[in-house]
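Chemist: Got a structure for you, questions after.
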Amino acid sequence: MSNNNDNSRLNKVLECVAFFGVACIAISLIFAICFQGNNVIYISFKTVGDGIAYSLSIVLAFLFVKRQKHIAWLICYVVFVVVIVVLYVIGLVHAI
């Protein structure tokens, strides 16, 4: 019974995070149009939205990989996550 309750709680958290990620992406796109000369606002919201989207995708992909029986799924997942994190951090450093 507690496993269903834990899954329900996790789903609610993921749904909330996804909502704020979508909101940040939408706001960044609006700011990209409105403030074409001021990239700081646009980049700030875009960075937050991208980070949330990447994080949510990583968490949901892990839930998928956890159900798979072959170790190759886990190895691919780890490689993909490392690539995403490293390239995202490099992109943040270059944006600053």
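The values are calculated or read from the model by the stated rules, or taken from the named source; none is laboratory data. Here the structure is a predicted model, which is why all the values come from computation and not from measurement. When we count neighbours, we look across all protein chains shown, and the Cβ atoms used for this are built from the backbone with ideal geometry, even at glycine. When the accessible area is computed, the model is the full protein with side chains, heavy atoms only, and any ligands, DNA or RNA have been set aside. Shrake-Rupley method; radii C 1.70, N 1.55, O 1.52, S 1.80 Å.
Chemist: Does the range 45-55 include one or more residues that are in contact (Cβ under 8 Å) with a residue 40 or more places away in the chain and hydroxyl-bearing (Ser, Thr, Tyr)? Give the derivation first.
Modeler: Taking the range 45-55 as the starting set, the residues that turn out to be in contact (Cβ under 8 Å) with a residue 40 or more places away in the chain are 47.
Pick out the ones that are also hydroxyl-bearing (Ser, Thr, Tyr) and you get 47.
Yes.
Chemist: On to the next question. Report yes if PHE20 is under 23 Å from ILE84 (Cα atoms), modelled with pLDDT under 80 and open to solvent by 70 Å² or more (accessible area, probe 1.4 Å), otherwise no.
Modeler: For PHE20, the condition - under 23 Å from ILE84 (Cα atoms), modelled with pLDDT under 80 and open to solvent by 70 Å² or more (accessible area, probe 1.4 Å) - is met.
Chemist: Would you please name the residue that is farthest from ALA18 (Cα to Cα), looking only at residues in the range 46-61 that are hydrophobic (A, V, I, L, M, F, W, C) and surrounded by 13 or more Cβ atoms within 10 Å (Cβ to Cβ)?
Modeler: ALA61
Chemist: Okay, moving on. Name the pairs: first residue in the range 73-93 and under 23 Å from ILE43 (Cα atoms), second residue open to solvent by 80 Å² or more (accessible area, probe 1.4 Å) and at pLDDT 85 or above, Cβ to Cβ under 6 Å, at least 6 apart or on different chains?
Modeler: ILE84/TYR54
Chemist: Something else about it: For the list (1) at pLDDT 85 or above; (2) open to solvent by 70 Å² or more (accessible area, probe 1.4 Å), I need the number of the one condition that VAL65 fails.
Modeler: (2)
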